[in-house]
1. Once you order the gyration tensor axes a ≥ b ≥ c over the Cα atoms, which shape class does the range 55-96 get: rounded for a/c under 1.5, otherwise prolate or oblate by comparing a/b with b/c?
2. Please check: in the Gaussian network model of the chain (C-alpha springs, under 10 Å), which one of Arg45, Arg17, Arg29 has the largest mean-square fluctuation.
3. Suppose we keep just the alpha-carbon trace of the chain; what are its Rg and Dmax in angstrom?
4. What does the charge add up to near Ala49, with Lys and Arg as +1, Asp and Glu as -1, over the other residues with Cβ less than 11 Å from its Cβ?
5. I need to check one value: relative contact order of the chain, counting alpha carbon pairs closer than 8 Å and at least 6 residues apart, in percent.
6. So, counting K/R as plus one and D/E as minus one, what does the shell of residues with Cβ under 12 Å around Ala73 add up to?
7. Enter the accessible area of Arg63 (Å², nearest 10), with the probe set to 1.4 Å and all protein chains included.
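The values are calculated or read from the model by the stated rules, or taken from the named source; none is laboratory data. What you are looking at is a predicted structure, and each value in this text was computed from that prediction instead of being measured. With ideal geometry, Cβ positions are generated from the backbone for all residues, glycine too; neighbour counts draw on all protein chains shown. Ligands, DNA and RNA are excluded from the accessible area calculation, which covers all protein heavy atoms including side chains. Shrake-Rupley method; radii C 1.70, N 1.55, O 1.52, S 1.80 Å.
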Amino acid sequence: EDIGRAAHAHAVAECVRAAMRDAGLDDAREVAFVQVKAPVLTAQRANEALARGGTVATTDANRSMALARAAGAFGVALALGEIDASQVRDEAFLRD
């Protein structure tokens, strides 16, 4: 249910911070490149979430790819201090 949502971006940010710690990087300015693999919300996974009473960002797999990429980008930007946590909002993805 988190794919393509703010929670996804925050998870990516934590992973980037962990990778920086593991690499001994204390300063985000030392980071030259971050590559993030984005998951896809399949119809099956969306239906399972909906059946449990959960919600999803979209039931369209193609749109979920775009939202997941946006969440990844926002997460990287958040981890590197390029944006503030207040900017990480579901409604900002694919818009801001």
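1. Since a/c reaches 1.5 and a/b is larger than b/c, the shape of the range 55-96 is classed as prolate.
2. Checking each option, the largest mean-square fluctuation is seen for Arg29.
3. Rg and Dmax of the chain, Cα atoms, are 14.2, 45 Å.
4. Values: positive: Arg45, Arg52; negative: Glu1, Asp2, Glu48.
The answer is -1.
5. 46 percent
6. Values: positive: Arg69; negative: Glu82, Asp96.
For residues surrounding Ala73, the net value is -1.
7. 100 Å²
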